[in-house]
Amino acid sequence: MDNYNDYNSRPPAAPPPGEDERPLSVKDWVINILLTCIPCVGIILLLVWAFSSAGNINRKNWARAMLIISIIMIAISIIFSTMLGGFIAMLMPFIEQSSYY
């Protein structure tokens with residue numbers, strides 16, 4: 001019976017070296033979000049936080065998620081811009097015919 005208890009009461013695995021698992025405070029989140037709102041600095045910080053080997057694991061996962069969302073939003077923007085450009089190009093002959101000049 002003692003072996004059974006020893007088997008189930010193993011200590012949890014240690015976090016990988018260099019990773020901080022402490023939760024970020026509200027102040028830390030506000031600073032992170034404000035820093036990422038700065039156009040060029042935000043992208044660079046997201047890349048550094050997402051792909052660095054050390055740092056807070058929560059910030060790292062948030063940065064990765066923000067990069068994925070950014071890529072998806074850029075792709076959607078390109079698709080809609082292309083569709084809008086095609087729609088305007090399709091309407092150009094009608095606009096030229098209906099001019100009052």
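The table for this structure:
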read-out: Hits in region 27-56 (condition: surrounded by 17 or more Cβ atoms within 10 Å (Cβ to Cβ) and of a type in the set (Val, Ile, Thr)); value: Thr36
read-out: Sole residue being in a loop (DSSP other than H, G, I, E, B) and at pLDDT 70 or above, chosen from Leu24, Leu34; value: Leu24
read-out: Within region 80-101, considering residues that are in a helix (DSSP H, G or I) and aromatic (Phe, Trp, Tyr), the one modelled with the lowest pLDDT; value: Phe94
read-out: Every pair of residues 6+ apart whose Cβ atoms lie under 6 Å, when the first sits in region 45-69 and is in contact (Cβ under 8 Å) with a residue 12 or more places away in the chain and closer than 17 Å to Ile31 by Cα while the second is of a type outside the set (S, T, N, Q) and surrounded by fewer than 18 Cβ atoms within 10 Å (Cβ to Cβ); value: Leu45/Leu35; Leu46/Leu67; Ala50/Arg64; Ala50/Leu67; Asn56/Asp20; Ile57/Glu19; Ile57/Glu21; Asn58/Leu24
read-out: Sole residue being among the hydroxyl-bearing types (Ser, Thr, Tyr) and not in a helix (DSSP H, G or I), chosen from Ser53, Ser77; value: Ser53
read-out: Filter result (more than 14 Å from Asp20 (Cα to Cα) and of a type in the set (Val, Ile, Thr)) within region 38-62; value: Ile38, Val41, Ile43, Ile44, Val48
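The values are calculated or read from the model by the stated rules, or taken from the named source; none is laboratory data. Keep in mind it's a predicted model, so treat the numbers as computed, not measured. Positions of Cβ are generated from backbone atoms using ideal geometry, with glycine treated the same way; all protein chains shown enter the neighbour counts.
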